[in-house]
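Notes follow once the structure below has been shown.
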Amino acid sequence: MSRANAECNLEAEKAAMRARNSVTAGENWRKIYLLCMESKGARYLGTTDQHPS
């Protein structure tokens, strides 16, 4: 799992560097990281700051 984390972190960092501002960078990083980890079999359970809609 640590290798998957490192690979996904790298992909997310590359996506964030292309962002125009820090808000977009953070959103891009999170989205790419989660998609990458899910593609490697990790399951995202959410965070406490998310509210059900």
Exercise. For the range 1-21, which residues satisfy the criterion of being open to solvent by less than 50 Å² (accessible area, probe 1.4 Å) and assigned to a helix (DSSP H, G or I)?
Worked result: ALA4, CYS8, ALA12, ALA15, ALA16
Exercise. Can you tell me how many residues in the range 22-53 are open to solvent by 80 Å² or more (accessible area, probe 1.4 Å), of a type in the set (S, T, N, Q) and modelled with pLDDT of 80 or more?
Worked result: 2
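The values are calculated or read from the model by the stated rules, or taken from the named source; none is laboratory data. Owing to the predicted nature of the structure, the values given are computational and were not obtained by experimental measurement. Remember, those area values only see protein heavy atoms, side chains included, never the ligands or the DNA or RNA. Shrake-Rupley method; radii C 1.70, N 1.55, O 1.52, S 1.80 Å.
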